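Below is one structure, written out as structure tokens; the observations come after it.
The values are calculated or read from the model by the stated rules, or taken from the named source; none is laboratory data. From a predicted model like this one, the values you see are computed outputs, not experimental measurements. In this analysis, Cβ positions are derived from the backbone assuming ideal geometry, glycine residues included, and neighbour counts consider all displayed protein chains. Ligands, DNA and RNA are excluded from the accessible area calculation, which covers all protein heavy atoms including side chains. Shrake-Rupley method; radii C 1.70, N 1.55, O 1.52, S 1.80 Å.
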Amino acid sequence: MDKTAYKELKEKLLTGKKNGYDKSVDLEAMERYCTGYKAFLDAGKTERLCAAEAVRLAEEAGYRPYTRGMALEAGSKVWLCNRGKAVMLAHIGTKSLAEGIQLAAAHIDSPRLDLKPNPLYEDSELAYFKTHYYGGIRKYQWLTLPLALHGVVAMKDGSQVTVRVGEDEGDPRLVITDLLPHLGAAQNKKPLAEAVPGETLNILLGSRPIGGEDESGRVKLAIMNLLYEKYGIVEDDLNSAELEAVPALKACDIGLDRSLIGAYGHDDRVCAYAALKALLDLTETPEKTAVCILADKEEIGSDGVTGMQSAAFDTFIEDLCAAEDVPLRACFEKSFCLSADVTAAYDPNFPDVFEKRNEAQVNYGIGLCKYTGARGKSGASDADAETVAYVRRVLDEAGVLWQISELGKVDAGGGGTVAMYMANRNITTLDAGVPVLSMHAPFEVVSKMDCYQTYKAMGAIFRA
Ligand code: MN
Ligand code: MN
């Protein structure tokens, strides 16, 4: 076989996946998109803040708040916020809801340190907050890291106090201290997962006492007094608060070539923003109704009233269906959902846990995951071949860069997404999302190319 024939045969038969930079991609549009994404990250470091920012952007794009029974027609754009923590948006299509919806589901909660209901204490004349971590974290990563505190204190009278510390220029930051290496000999011998017990993730709040030398608990009282002066709250009010410690870091470009973005909370705001922005940017009325849901609680199993297992989603779609006299079940069985969640990017620093032929690579586009799960695909909806073929076609026709991906080697670990909760509703579902380096770390890394391709993929799904 001569060289030309060999080359032709190879191109015809073997996979020709390319780095996005070897394709013709509008790099200026990519950069613009990523600038918007970084601002979205900085505005929404918790699910509440992220939901509020999503609503703000939706309003800016002409979306109106949905109320049950309101008149809808092709081209209507509505949003609904579930208890301040999850957002559902719909752009009503020209076809009946009996034809199904095109849906993108992402989550806007990220791993973090929640304050315990009774958080404030003093030890050795230093004041601390006790925390209970939320989601899968590697605890050692949260030590000696500047932290900000966000959240709400719900008062008995129904009012709400918003807490925001450590985010703005000139604000103090909070921190969890670590052991000095000089005294770390015993700790160094422990397995990584045991070296930092969860009960030691205590946030340092202050050291300055008030009152006389003969009093006790003077630093705690001083801190509580500061909280009272700033927020009007007393210690008992912390029982009905949701305060979340997150890294006091802003999203920024990473790399000398600025090709990557470093930030807290890429998982899964990187897909949430892609889905939201693609929906808001739909210039023409889609054929099928396009729906985006930004859910809470994915990192702890999608349970709860604001999680993807909540009936809030079914209720919203059922309400839309009711306007057309379409049964919800008829809509669901014709619907398609892209479960938009991040996947692990192949990391050459840790080759042992990856199976390179089936791993997402940075800059190769949105990763399609037929299945996630662990221990033999447990906890995965495992999309059928027909569904993967459908998405391949839609993305190829729209010129979107995509790749197939798995979450690491067989039995190396694993993970889940909201995919199974959508599939269990009788909605055809496939997992897809941005490959991430250092996933679940306080500072994760993604590539601008993959962010942009994911945005394009969402648009293609909404228009399909
Ligand atoms: Mn996720
Ligand atoms: Mn996650």
The range 51-74 residues that are over 30 Å from Val270 (Cβ atoms), paired with ones that are open to solvent by 80 Å² or more (accessible area, probe 1.4 Å) (beta carbon under 6 Å, 6 or more apart): Ala74/Thr94
Residue satisfying all of: in the range 337-375; under 23 Å from the mean Cα position of the chain (by Cα) and at positive phi; farthest from ligand 1 (Cβ to nearest atom) among these: Asn363
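Each row is one residue, and each column tells you yes or no for (1) under 14 Å from the mean Cα position of the chain (by Cα); (2) within 15 Å of ligand 2 (Cβ to nearest atom).
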{"position": "His107", "(1), (2)": "yes, yes"}
{"position": "Pro119", "(1), (2)": "no, no"}
{"position": "Ala127", "(1), (2)": "no, no"}
{"position": "Tyr133", "(1), (2)": "no, yes"}
{"position": "Lys139", "(1), (2)": "no, no"}
{"position": "Leu143", "(1), (2)": "no, no"}
Subset tally (residues that are among the β-branched types (Val, Ile, Thr) and surrounded by fewer than 17 Cβ atoms within 10 Å (Cβ to Cβ)) for the range 26-62: 1
Evaluation of Gly262 against (1) within 16 Å of ligand 2 (Cβ to nearest atom); (2) more than 26 Å from Lys77 (Cβ to Cβ); (3) outside any helix (DSSP H, G or I) (one fails), failing number: (1)
Residue within the range 284-303 that is within 16 Å of ligand 2 (Cβ to nearest atom), in contact with a Leu (Cβ under 6 Å, 6 or more places away or on another chain) and of a type outside the set (Ser, Thr, Tyr) present: no
Subset of the range 305-330 [away from ligand 1 (no atom under 16 Å from the Cβ) and farther than 20 Å from Val78 by Cβ]: Val305, Pro327, Arg329, Ala330
Hits in the range 410-445 - residues which are farther than 24 Å from Gly262 by Cα and either at pLDDT below 95 or within 15 Å of ligand 2 (Cβ to nearest atom) (or both): Val410, Asp411, Ala412, Gly413, Val418, Ala419, Met420, Tyr421
Scope the range 400-437; condition assigned to a loop (DSSP other than H, G, I, E, B) and either more than 15 Å from ligand 1 (Cβ to nearest atom) or surrounded by fewer than 19 Cβ atoms within 10 Å (Cβ to Cβ) (or both); matching residues: Val400, Leu401, Glu406, Lys409, Val410, Asp411, Ala412, Gly413, Asn424, Arg425, Asn426, Ile427
Condition broken by Tyr273, with the remaining ones in (1) under 31 Å from the mean Cα position of the chain (by Cα); (2) away from ligand 1 (no atom under 16 Å from the Cβ) satisfied: (2)
Listing of strands (runs of 3 or more DSSP E) fully contained in the range 74-125 that carry 2 or more residues being open to solvent by 40 Å² or more (accessible area, probe 1.4 Å): 77-82, 112-123
Residue selected from the range 376-399 under the condition in contact with a strand residue (DSSP E or B) (Cβ under 7 Å, 6 or more places away or on another chain) and in a loop (DSSP other than H, G, I, E, B), by the criterion surrounded by the fewest Cβ atoms within 10 Å (Cβ to Cβ): Gly379
Subset of the range 293-342 [closer than 23 Å to Gly433 by Cα, in a helix (DSSP H, G or I) and in contact with a strand residue (DSSP E or B) (Cβ under 8 Å, 6 or more places away or on another chain)]: Glu298, Glu299, Ile300, Phe313
Cross-chain or 6+ apart pairs with Cβ under 6 Å, the range 273-289 first and open to solvent by less than 10 Å² (accessible area, probe 1.4 Å), then part of a loop (DSSP other than H, G, I, E, B) and not β-branched (Val, Ile, Thr): Pro286/Gly93; Thr289/Gly93
